[in-house]
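Accompanying notes for the structure given below.
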Amino acid sequence: MSIKTFWKKSVVNKLLIIIPLVWVALAIVFGIYDLEISKFLFNSNSGIANLVENFGEIPGILFGLFAIFTLGTNLKIRKLSHRKLFFLGEILGLSFLFIYLIKIFFDYFNVNFQFMSIYGITLGLIFILISLIFFYLFNTKWDKFSKENYLFAKVGVMTFIISGVLVEALKFIWGRVRYENVLANAGNFTEWYLPQGITGNYSFPSGHAYLGWILIPLILIFMNKNKIQKWIIFGLTILFGLFVSFERVVYGAHYASDILFSSGIVIVTFLILSKRFFFEKNNLSTEKKKKIKKRK
């Protein structure tokens, strides 16, 4: 397929060409001006930046929980052994997200809590029970909603996992020092294209920005709604991603390039997965419906 044909095929295809080009252009700009941008925007006294530092991950975690519950109640796996294994993975993943959510509040209120203790294990068991209760509710009370939004959940969970793994892997191996640490003479500034290896520094890319942009798949729930609803959700998810990203630079925890790569990873992953598992599936189902009508 030629680029011209690919471009004309759909809006998603156009975005898959435009966004990487913009990404590359900004990566070049930020490679030159990263430090200057951080110097200009940094404000350690910003109350909003501190709020994002403490609680900015929460919406993204709640999205992950929501998408997993929606997917888990409708995923069709034929082999019983595979179903059991997948369900176990879901429960463990959900429990981890629940515990991480609680940890955010414990850290904010300086609560010294050892998760690898009898109390931590008890808390984990409580969240396993909560997960089972929510699975029951999604299977019974919210069954219709779950079925209608199965494709959203599939794309959402895959985007959540793939983007998260990529971001965390890069953070681990890149070893870039945060701007706030540079100011405290705890390390030297390095450009984003110069990986430092495993140093214990995790500036590149941004985990908060990843969880800020991960709300984008919510757009898929409103694809069949009216235009006003679609544009409101689209606007809110984009604005939230930009808001979290901007405030991470203001706080000094990340550079503009850290934000750029997290954002790009999430957006491109989402576009590829939504093209494959959402839009193509919807088009296929539409074609099947037309064939059925013709037969009648």
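The values are calculated or read from the model by the stated rules, or taken from the named source; none is laboratory data. Values in this document were obtained by computation on a predicted structure and should not be read as measured data. All Cβ positions, even for glycine, are placed from backbone atoms using ideal geometry, and neighbour counts span all protein chains on display.
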Q: Would you be able to tell me the number of residues in segment 108-128 that are over 19 Å from residue 71 (Cβ atoms) and surrounded by 12 or more Cβ atoms within 10 Å (Cβ to Cβ)?
A: 6
Q | Selection from segment 245-273 of residues that are of a type in the set (A, V, I, L, M) and either touching a Pro at 6+ places or on another chain (Cβ under 9 Å) or farther than 21 Å from residue 195 by Cβ (or both) | A | 250, 259, 260, 265, 267, 268, 271, 272, 273
**Q.** Number of the exception - residue 114 against (1) over 26 Å from residue 268 (Cα atoms); (2) assigned to a helix (DSSP H, G or I); (3) of a type in the set (S, T, N, Q)
**A.** (2)
Q.
Which pairs turn up if I take residues in segment 215-230 that are of a type in the set (S, T, N, Q) and look for partners that are part of a helix (DSSP H, G or I) with beta carbon separation below 7 Å, at least 6 apart in sequence or on another chain?
A. 229/222
Q: Please find, among 77, 104, 118, the residue that is touching an Asp or Glu at 6+ places or on another chain (Cβ under 7 Å) and either modelled with pLDDT under 85 or not polar (S, T, N, Q) (or both).
A: 104
Q) Is it the case that some residue within segment 142-157 is among the polar types (S, T, N, Q), in contact (Cβ under 8 Å) with a residue 12 or more places away in the chain and in a helix (DSSP H, G or I)? A) yes
Q. Condition test on residue 137, is it out of contact with any Phe, Trp or Tyr (no Cβ under 7 Å at 6 or more places or on another chain) and over 18 Å from residue 208 (Cβ atoms)?
A. yes
Q. If you check residue 145 against the conditions, is it surrounded by fewer than 14 Cβ atoms within 10 Å (Cβ to Cβ) and either at pLDDT 90 or above or of a type in the set (A, V, I, L, M, F, W, C) (or both)?
A. yes
Q) Is it the case that segment 188-202 has a residue that's free of Cβ contacts under 8 Å to residues at least 24 places away in the same chain, touching a Phe, Trp or Tyr at 6+ places or on another chain (Cβ under 8 Å) and not aliphatic (A, V, I, L, M)? A) yes
**Q.** helices (runs of 4 or more DSSP H) wholly inside segment 1-106 containing at least 2 residues that are within 18 Å of the chain's Cα centre (by Cα)
**A.** 11-41, 47-55, 58-72
